[in-house]
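Asker: I have a structure I would like to understand better, so I am pasting it below and will then ask my questions one at a time.
Read-outs: derived from the displayed coordinates by stated rules, not from any lab. Nothing here was measured: the structure is a model prediction, and the numbers come from that model. Quick reminder, even Gly has a Cβ in these numbers, built from the backbone with ideal geometry, and neighbours come from all protein chains shown.
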Amino acid sequence: MKKMNSIGLDKKMSGQLIEKLNDLLANYQVFYQNARGFHWNIKGEKFFELHLKFEELYNDLQLKIDEIAERILTLGGTPIHSFAGYLKVSEIKPVENESNGPKCIEHILDAFAALLVKEREILSLSAELNDEGTNAMASDYIREKEKLVWMYSAYLSK
């Protein structure tokens, strides 16, 4: 007989999902710090526009970080909660002292690409587990991010 967690999901498969969610959390945390840096350090002709856009981005990332950590807890896991832990796991790497708008946006698009891959893996595993809570969260994140990829890419178009 399968062991179930407190919300009625297979404990072993939930453990796999927790691992993937912790990976996602680490990547979001590093991305969040990068977005804060872009917001603080942006210079140039598009300063006002990008300063606001980067603030909007990091505020959204902060909300998602909390949602991901709470989902890990709901599944019975422990979220990674140290910068050393995030840096060990994260595919997204810290970006330091970037003030060029188009380069910041390229870093953002690279982060979106990495996160989309991870979120699609989570979506697939959560569907297999019949975990509608994680599935809905991942699906929402993918939909929102795909639109942002289009918008940020359009900004770079000449």
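Asker: Which lysines have a Cα lying under 19 Å from the Cα of Lys64, excluding residues fewer than 8 positions away in the same chain?
Answerer: Lys20, Lys53, Lys93, Lys118, Lys145, Lys147
Asker: Related question: Filter the chain for me: DSSP H helices, axial length by Cα at least 30 angstrom, mean Kyte-Doolittle hydropathy not below 0.0. List them by residue number.
Answerer: Working: long enough: 11-41 (44 Å, -0.68); 47-74 (40 Å, -0.09); 101-129 (41 Å, 0.57); 132-156 (36 Å, -0.47).
Helices meeting the span and hydropathy rule in the chain are 101-129.
Asker: Name the aspartates and glutamates eligible as straight-distance cross-link partners of Lys88: C-alpha to C-alpha under 18 Å, and not fewer than 8 places from it in the same chain.
Answerer: Cross-link targets: Glu19, Asp23, Glu96.
Asker: Dipole magnitude of segment 3-72 about its Cα centre, charges +1 at Lys/Arg Cβ and -1 at Asp/Glu Cβ only, in debye to the nearest 20? Please list the in-between numbers first.
Answerer: Numbers: 10 positive and 11 negative charges, 57 e Å.
Using only the charged Cβ atoms, the result is roughly 280 debye.
Asker: If the reach is capped at under 17 angstrom between alpha carbons, list the aspartates and glutamates near Lys103, excluding any in the same chain fewer than eight residues apart.
Answerer: Lys103 reaches Glu45, Glu49, Glu55.
Asker: What translational diffusion coefficient, in µm²/s and rounded to a whole number, does the Stokes-Einstein relation yield for segment 117-158 at 20 °C and a viscosity of 1.002 mPa s, taking the hydrodynamic radius as the Kirkwood radius over Cα pairs? Could you put the intermediate results ahead of the total?
Answerer: Values: Rh = 11.1 Å.
For the chosen part, D equals 193 µm²/s.
Asker: Right, something else. In the chain, if the dipole is taken from +1 on Lys/Arg beta carbons and -1 on Asp/Glu beta carbons about the Cα centre, which of Leu61, Met4, Trp40 is farthest to the positive end?
Answerer: Checked the options; the winner is Met4.
Asker: For segment 1-49, list log₁₀ I(q)/I(0) at each q in 0.16 Å⁻¹, using the Debye formula over Cα point scatterers of equal strength and ignoring solvent, two decimals each.
Answerer: At q = 0.16 Å⁻¹ the computed log10 ratios are -0.61.
Asker: What size of dipole, in debye to the nearest 20, comes out for the chain about its Cα centre when the only charges are +1 on Lys and Arg C-beta atoms and -1 on Asp and Glu C-beta atoms? Let's see the in-between values first.
Answerer: Working: 20 positive and 24 negative charges, 54 e Å.
Taking the Cα centre of the chain as origin, the dipole is about 260 debye.
Asker: Another question, if that's okay. Provide Rg over Rh for segment 76-135; use the alpha carbon set for both Rg and the Kirkwood Rh (inverse mean inverse pair distance). Walk me through the intermediate numbers first.
Answerer: Values: Rg = 15.1 Å, Rh = 13.9 Å.
Dividing the radius of gyration by the Kirkwood radius yields 1.08.
Asker: While we're on this one: Over the residues of the chain, compute the C-alpha Rg and express it relative to 2.2 N^0.38 Å.
Answerer: Scaled against compact globular proteins, the figure is 1.11.
Asker: Counting only C-alpha contacts under 8 Å and six or more residues apart, can you give the relative contact order of the chain as a whole percent? Walk me through the intermediate numbers first.
Answerer: Values: 171 pairs, mean separation 46.7, N = 158.
For the chain, the relative contact order is 30 percent.
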